[in-house]
Amino acid sequence: MPQIRPISDLRNHFAEISKVVHETGEPIFLTKNGYGDIVVMSIEAYERKMLVNEIYIKLKEAEVEAKSTDFRYTHEEVFSKLRKNLIHEDGSGE
């Protein structure tokens, strides 16, 4: 269940809020005058959310491209290209 707290807690209980978002990995929703105002989360949680968002965007792009053409890569072609890219990035050749 999401934690919802008044925005004044950010000033009065910052250390506690920081501890909670780091330990749980979940955001805390802060309200102002009874209405949602901001969300506080750890950098790690934010980066995970951004990565997931990027993956969804890439999948959507791939879906659109797949609908626009009948060309398909084989399993071998895909993994061969991935291996070459990994070797190139790593530089080790393994």
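None of the figures in this text is laboratory data; all of them are computed from the coordinates on show. Bear in mind that the values here come from a model prediction, so they are computed numbers and not experimental data. So basically every Cβ, Gly included, is an ideal-geometry build from the backbone, and we count neighbours across all protein chains shown.
Before moving on, here are some points about what is shown:
- Among the residues of the stretch 1-25, those identified as surrounded by 15 or more Cβ atoms within 10 Å (Cβ to Cβ) and closer than 17 Å to Ala45 by Cα are Gln3, Ile17, Val20, Val21.
- Members of the stretch 26-73 that are acidic (Asp, Glu) and within 10 Å of the chain's Cα centre (by Cα): Glu44, Glu47, Glu54
- Under the condition of being surrounded by 10 or more Cβ atoms within 10 Å (Cβ to Cβ) and either hydroxyl-bearing (Ser, Thr, Tyr) or touching a residue at least 60 places away in the same chain (Cβ under 8 Å) (or both), the residues counted in the stretch 57-78 number 1.
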